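Notes for the one structure printed next.
The values are calculated or read from the model by the stated rules, or taken from the named source; none is laboratory data. None of these values were measured; they are calculated from a predicted model. As a convention, Cβ positions derive from the backbone with ideal geometry for all residues, glycine included, and neighbour counts pool all protein chains shown.
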Amino acid sequence: MLVRRGFLAGLTGLVLLAGCAGAGTAQGPNGEPMEALTVVTSTGEHDFLVEIADDDMERQRGLMHREPLADDRGMLFEFPDVAERGFWMHNTPSPLDIIYIDSYGRIVSIAKNATPNSDAVLPSNGPAAGVLEIRGGRADQIGAKPGDRIRHPFFAQ
């Protein structure tokens, strides 16, 4: 009887933990799960929840026609190769900081406060495997600069 009670208590605990884990999961505007990402700068660690754009359609759509991002939100564009990149702000109504990242999670360059709705291409100025878009002005607020680190499972650590 004691063994059975212990088993039931353990099983109940697992069910409660599973329920709590799902309850705190953030979702993007289309119901997709968001992932944790950390920007490590000289001012500390800055946590974000990001949507993932990892296929051609998602990368092309990006943050077009969207409301301004909250301070702790962003979009991480994941590419299957490392190459020079160029992003634009076509149909993107609010300014963004566009952070180009190498395959090891180091910031290559930052296009700060990109002009909304502009078709001007903002180059990476170096090979990048990923691109992080955050609300315009946030990179300066957190002290992000080339050479700083991005922690996320996509990047080799």
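In region 111-126, what residues are surrounded by fewer than 23 Cβ atoms within 10 Å (Cβ to Cβ) and either in contact with a Lys or Arg (Cβ under 8 Å, 6 or more places away or on another chain) or closer than 19 Å to Asp71 by Cβ (or both)? I'd like the intermediate steps shown before the answer.
Applying the first criterion (surrounded by fewer than 23 Cβ atoms within 10 Å (Cβ to Cβ)) to region 111-126 yields 112-126.
Result: Lys112, Asn113, Ala114, Pro116, Pro123, Ser124.
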### Query
Is it the case that some residue within region 102-125 is within 25 Å of Pro33 (Cβ to Cβ), in contact with a Phe, Trp or Tyr (Cβ under 7 Å, 6 or more places away or on another chain), acidic (Asp, Glu) and free of Cβ contacts under 8 Å to residues at least 40 places away in the same chain?
no
### Message
Can you tell me which residue is surrounded by the fewest Cβ atoms within 10 Å (Cβ to Cβ) among those in region 51-107 that are over 14 Å from the mean Cα position of the chain (by Cα) and within 15 Å of Asn30 (Cα to Cα)?
### Response
Met57
### Message
I'd like the residue in region 23-43 that is in contact (Cβ under 8 Å) with a residue 60 or more places away in the chain and farther than 19 Å from Ser109 by Cα and, out of all such residues, is surrounded by the fewest Cβ atoms within 10 Å (Cβ to Cβ).
### Response
Ala36
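Here's the yes/no breakdown for (1) among the charged types (D, E, K, R); (2) assigned to a loop (DSSP other than H, G, I, E, B); (3) under 17 Å from Gln141 (Cβ atoms):
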{"position": "Pro29", "(1), (2), (3)": "no, yes, no"}
{"position": "Leu37", "(1), (2), (3)": "no, no, yes"}
{"position": "Val40", "(1), (2), (3)": "no, no, yes"}
{"position": "Glu45", "(1), (2), (3)": "yes, no, yes"}
{"position": "Ile52", "(1), (2), (3)": "no, no, no"}
{"position": "Leu63", "(1), (2), (3)": "no, yes, no"}
{"position": "Glu67", "(1), (2), (3)": "yes, yes, no"}
### Task
Assess whether Ala120 counts as being in a strand (DSSP E or B), modelled with pLDDT of 95 or more and over 18 Å from Leu49 (Cβ atoms).
no
### Query
So which pairs qualify, if the first residue must be in region 133-157 and over 19 Å from Trp88 (Cβ atoms) and at pLDDT below 95, the second must be in a strand (DSSP E or B) and of a type in the set (D, E, K, R), the Cβ gap must be under 8 Å, and the two must be at least 6 apart or on different chains?
Gln157/Arg151
### Message
Among the residues of region 3-18, are any at pLDDT below 95 and closer than 30 Å to Gln157 by Cα?
### Response
yes
